[in-house]
Amino acid sequence: MRVGFLGPSGTFAEEALRTSAPDGVEEIPYATVWETVMAVQERAVDQAVVPIENSLEGSVTTTLDALAGEGSDVRIVAEVVRPISHCLIARDDLALDEVTRVLSHPQALAQCARFLHERLPRARTEVSGSTAEAVRTAVGSSEPLAAIGTRLASELYGGSVLAEGVEDRPDNLTRFVWLAPAGTTPHGPPTKTSIVFWGFNDESPGALVAVLRELADRNVNLTKIESRPRRVRLGHYMFFADLDGALEDSAVSEALEALALRVETLRVLGSYEAAAL
């Protein structure tokens with residue numbers, strides 16, 4: 001099985017893949033989340049692993065947007081939750097006050113904001129496509145750069161770890177999802193369903209409450225909901241929601257049938273086994 005992941009080698013996504021993949025998979029790195037999702041959509045890979053939510057910084061919006069947009073034939077078939085511990089990595093064993101720039105993925109920079117403010121107040125932060133790409137760039141540069149990334153990336157690219165555990169909180173967790181083409185069997189018995197919907201009278205008072213009542217009236221537990229811009233005009237949103245229960249459960253299927261009558265578009269992003277926390 002060919003499995004894509006947010007690369008290059010040494011990312012947290014690769015770690016999540018390796019801890020949850022069956023034996024014998026071929027790992028295929030991609031430069032961005034969007035490219036990883038689209039590799040599944042276009043059948044360039046059989047499945048893929050991408051981050052979708054962090055306990056400190058919230059959802060990975062590029063993943064949500066790709067699943068709601070161009071990745072229309074991609075479904076979530078499993079999830080895995082991993083503890084996230086960041087390292088500050090450079091080419092050489094620099095003193096922290098020698099570092100002039102710190103590179104990393106936006107989520108990683110945000111998760112380490114207090115450390116950066118207190119320990120590297122004069123260093124400028126720069127965004128990279130992934131933590132591993134940031135480490136590869138920093139290790140390959142003759143400038144006094146550092147990157148926030150994994151110890152695995154430091155080992156892969158020959159870096160020096162300047163500091164470990166630089167995340168602001170020790171309970172830093174990221175939820176990763178396995179993606180596959182629609183119709184693929186989930187990795188385990190489904191206990192959770194993820195949806196996205198849009199296109200109702202969202203300028204009317206109580207409109208969203210009326211839509212969500214279809215879930216409450218059938219005792220379907222809503223565990224998460226958030227909005228993202230629809231990119232049509234200001235003030236119109238699509239709503240991502242996670243529900244307890246499998247799509248095959250009568251209460252869930254009936255609730256979604258009723259919800260679909262109230263909105264322009266309802267898409268089931270996946271029904272899969274929830275990760276144990």
Seminar exercise, completed: Picking from Gln107, Gln111, Gln47, the residue that is out of contact with any Pro (no Cβ under 8 Å at 6 or more places or on another chain) and over 24 Å from Val268 (Cα atoms) would be Gln111
Exercise. Assuming Thr125 fulfils every condition listed in (1) in contact with a Leu (Cβ under 8 Å, 6 or more places away or on another chain); (2) buried (at least 21 other Cβ atoms within 10 Å of the Cβ); (3) modelled with pLDDT of 95 or more apart from one, which condition is it?
Worked result: (2)
Problem set entry | Single condition Thr137 does not satisfy, out of (1) of a type in the set (S, T, N, Q); (2) open to solvent by 20 Å² or more (accessible area, probe 1.4 Å); (3) assigned to a helix (DSSP H, G or I); (4) in contact (Cβ under 8 Å) with a residue 40 or more places away in the chain | (4)
For this session: Would you be able to say whether some residue in region 160-171 is closer than 21 Å to Ala31 by Cβ and modelled with pLDDT of 95 or more?
Result: no
For this session: Hey, could you check region 1-20 for residues that are assigned to a loop (DSSP other than H, G, I, E, B) and buried (at least 21 other Cβ atoms within 10 Å of the Cβ) and say which is modelled with the lowest pLDDT?
Result: Gly7
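For region 68-109, please list each of the strands (runs of 3 or more DSSP E) lying entirely inside it that holds at least 2 residues being touching a Phe, Trp or Tyr at 6+ places or on another chain (Cβ under 6 Å). Full working, then the answer.
Values: elements: 74-83, 87-90, 101-104.
Passing ranges, in order: 74-83.
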Seminar exercise, completed: The residue that is surrounded by the fewest Cβ atoms within 10 Å (Cβ to Cβ), considering only those in region 76-92 that are within 14 Å of the chain's Cα centre (by Cα) and not aliphatic (A, V, I, L, M), is Pro83
For this session: State yes or no: is Pro170 free of Cβ contacts under 8 Å to residues at least 24 places away in the same chain, out of contact with any Lys or Arg (no Cβ under 8 Å at 6 or more places or on another chain) and either closer than 23 Å to Ile52 by Cα or aromatic (Phe, Trp, Tyr) (or both)?
Result: yes
Exercise. When region 26-37 is examined, which residues are found to be surrounded by 19 or more Cβ atoms within 10 Å (Cβ to Cβ) and more than 14 Å from Ser130 (Cβ to Cβ)?
Worked result: Val37
Exercise. Can you tell me which residues in region 257-266 are under 21 Å from Ala66 (Cα atoms), crowded, with 16+ Cβ neighbours inside 10 Å and of a type outside the set (A, V, I, L, M)?
Worked result: none
For this session: With the condition kept exactly as written, say whether any residue in region 244-253 is within 21 Å of the chain's Cα centre (by Cα) and within 11 Å of Val196 (Cα to Cα).
Result: no
For this session: Only residues that are without any contact (Cβ under 8 Å) to a residue 24 or more places away in the chain, more than 24 Å from Gly69 (Cβ to Cβ) and not in a loop (DSSP other than H, G, I, E, B): list them for region 211-256, please.
Result: Arg213, Ala216, Ser250, Ser253
For this session: Could you run through region 174-197 and say how many residues are modelled with pLDDT under 95 and open to solvent by 20 Å² or more (accessible area, probe 1.4 Å)?
Result: 0
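The values are calculated or read from the model by the stated rules, or taken from the named source; none is laboratory data. Just so it is clear, the structure is predicted and the values come from calculations on it, not from any experiment. Using ideal geometry, Cβ is built from the backbone for each residue, glycine included, and neighbour counts are taken over all protein chains shown. Only protein heavy atoms, including side chains, enter the accessible area calculation; ligands, DNA and RNA are left aside. Shrake-Rupley method; radii C 1.70, N 1.55, O 1.52, S 1.80 Å.
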